[in-house]
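Student: Have a look at this one before I ask anything.
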Amino acid sequence: MDIVWYGRACFRLSDRGVVIITDPPSDDLGYERPRIRADVVTISHEHPGHNNRVGFRGGPHFFDGPGEYEVKEVFITGIEMYHDARNGANRGRNTVFLFDFDGLTVCHLGDLGHVPTQQQVEELNEADVLLVPVGGLHTIDASKATEVISLIEPRIVIPMHYKTPLEKAKLDPLDKFFKEMGLAPIPAQPEFKITKSSLPEETEVVVLDYYRP
């Protein structure tokens with residue numbers, strides 16, 4: 001599988017010819033939004049930073065809520081959670097998506113705003129790769145993200161939704177996440193390739209640079 005980050009919560013997950021785009025942002029956020037062929041586009045919640053449905057080729061399937069789906073032998077599960085710590089009272093719901101690529105499972109937490117319950121954790125603990133927001137403001141912050149990681153215990157963690165030179169929202173920088181995880185700064189890479197057989201035994205953090213055309 002090949003994983004590319006487009007900034008905010010937008011990723012391209014591609015494997016065996018299947019392309020999934022998560023949370024495509026609006027054009028005014030500064031990042032280079034993907035305008036590519038896609039088989040699936042997922043939207044965690046209806047916010048302009050996450051729900052741009054235009055400009056994709058290939059007639060993709062759009063999934064924006066809880067449910068179980070299958071596209072080209074990729075199994076997708078949407079799980080309802082919340083965009084805040086008050087059961088959605090402040091900012092509404094947030095759909096967490098699990099993508100099962102023939103046994104390699106990626107979990108995209110969207111704009112998760114709370115630490116999942118034990119029951120919700122049990123739905124997520126098959127995740128091999130966890131895409132987790134760490135920047136605070138409208139999502140969990142670095143401290144809560146670290147707690148979520150310890151509950152889910154993925155093999156690979158890729159932080160998202162934090163301050164970058166292009167990010168206009170007042171999000172926390174990635175350094176706070178490194179500090180909470182007890183890690184030295186990790187160099188960013190333009191993309192990340194992973195297979196089921198190459199997963200590490202212990203949790204590792206991978207940092208992606210946002211896409212530059």
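Student: If you go through region 21-49, how many residues are within 15 Å of residue 109 (Cβ to Cβ) and out of contact with any Gly (no Cβ under 7 Å at 6 or more places or on another chain)? Break it down stepwise before answering.
Tutor: To start, the set of residues in region 21-49 that are within 15 Å of residue 109 (Cβ to Cβ) comprises 22-23, 42-45, 47, 49.
If we keep only those that are out of contact with any Gly (no Cβ under 7 Å at 6 or more places or on another chain) too, we end up with 22, 42-43, 47, 49.
The total comes to 5.
Student: To continue, here is another question. Hey, could you check region 38-60 for residues that are under 18 Å from the mean Cα position of the chain (by Cα), within 21 Å of residue 101 (Cα to Cα) and not polar (S, T, N, Q) and say which is surrounded by the fewest Cβ atoms within 10 Å (Cβ to Cβ)? Write out each step before concluding.
Tutor: Let us first name the residues in region 38-60 that are under 18 Å from the mean Cα position of the chain (by Cα), namely 38-53.
With the extra rule that they be within 21 Å of residue 101 (Cα to Cα), the set shrinks to 38-44.
When the remaining residues are screened for being not polar (S, T, N, Q), the result is 38-41, 43.
Working: 38: 22, 39: 18, 40: 23, 41: 22, 43: 23.
So the residue we want is 39.
Student: Tell me the residue from 165, 185 that is touching a Phe, Trp or Tyr at 6+ places or on another chain (Cβ under 6 Å), in a loop (DSSP other than H, G, I, E, B) and surrounded by fewer than 19 Cβ atoms within 10 Å (Cβ to Cβ), please. Let's see the steps before the verdict.
Tutor: Numbers: 165 fails: touching a Phe, Trp or Tyr at 6+ places or on another chain (Cβ under 6 Å).
Just one listed residue meets the conditions, 185.
Student: Looking at 191, 201, which one is touching a residue at least 60 places away in the same chain (Cβ under 8 Å) and of a type outside the set (A, V, I, L, M)? Quick ask: steps written out before the conclusion?
Tutor: Working: 201 fails: touching a residue at least 60 places away in the same chain (Cβ under 8 Å).
After ruling out the rest, the residue left standing is 191.
Student: Based on this model, can you work out whether residue 150 counts as touching a helix residue (DSSP H, G or I) at 6+ places or on another chain (Cβ under 7 Å) and in a helix (DSSP H, G or I)? Quick ask: steps written out before the conclusion?
Tutor: Details: touching a helix residue (DSSP H, G or I) at 6+ places or on another chain (Cβ under 7 Å): no; in a helix (DSSP H, G or I): yes.
No.
Read-outs: derived from the displayed coordinates by stated rules, not from any lab. All of these numbers come straight from a predicted model, not from anything done at the bench. As a convention, Cβ positions derive from the backbone with ideal geometry for all residues, glycine included, and neighbour counts pool all protein chains shown.
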